[in-house]
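Please read the structure below before turning to the comments.
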Amino acid sequence: MLSVDTLRDSVKRETEPKRLAHVLGCERAAVQLARLYAADENAARAAALLHDITKGLSLTAQLQLLREYDILTDTVELAQPKL
């Protein structure tokens, strides 16, 4: 797994400024929750940093990634995506 610093640097390069502020805020909130619930802070940081990583991609590109990684298997979801 990539380091949190590497993920953060990548997100900073690939994310629009308005979205970046949101993602970094999510990272801070994730760390607070991880501390509160004695969870893995690095995993929480990574999840927060990556949660919107495909937001700037087209719907077609997002669906392609879902198919590629076998995330969507439900034909109803594929017909009516809520991305």
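The values are calculated or read from the model by the stated rules, or taken from the named source; none is laboratory data. Keep in mind that what you see is a predicted model, and the values were worked out from it rather than measured. Counting neighbours? That spans all protein chains shown, and the Cβs are built from the backbone with ideal geometry, glycine included. Ligands, DNA and RNA are excluded from the accessible area calculation, which covers all protein heavy atoms including side chains. Shrake-Rupley method; radii C 1.70, N 1.55, O 1.52, S 1.80 Å.
Here are the numbers:
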{"read-out": "Angle in degrees between helix 4-14 and the longest Cα principal axis of the chain, rounded to the nearest 10", "value": "50 degrees"}
{"read-out": "Pairwise label distance in nanometres, Ala21 with Asp9, each label 7 Å out on the Cα-Cβ vector", "value": "2.6 nm"}
{"read-out": "Within region 5-19: backbone nitrogen closer than 12 Å to the Leu65 label point (7 Å, Cα to C-beta)", "value": "11, 14-15"}
{"read-out": "Listed residues Ile71, Ile53 arranged by accessible area, highest first, probe 1.4 Å", "value": "Ile71, Ile53"}
{"read-out": "Most mobile of Ala38, Ala48, Ala30 in a GNM of the chain (Cα contacts under 10 Å)", "value": "Ala38"}
{"read-out": "Helix axis angle, 59-68 relative to the chain longest principal axis, alpha carbon, degrees", "value": "90 degrees"}
{"read-out": "Candidates Leu66, Leu50, Leu33: whichever shows maximal mean-square fluctuation once the chain is modelled as a Gaussian network with Cα springs under 10 Å", "value": "Leu66"}
{"read-out": "Test item: Cα-centred dipole of the chain, Lys/Arg +1 and Asp/Glu -1 on Cβ, debye", "value": "360 debye"}
{"read-out": "Acute angle (nearest 10 degrees) that the helix 17-36 long axis makes with the longest principal axis of the chain, alpha-carbon atoms", "value": "60 degrees"}
{"read-out": "Mean separation of Cα contacts under 8 Å, 6 or more apart, over the residue count of the chain: relative contact order %", "value": "27 percent"}
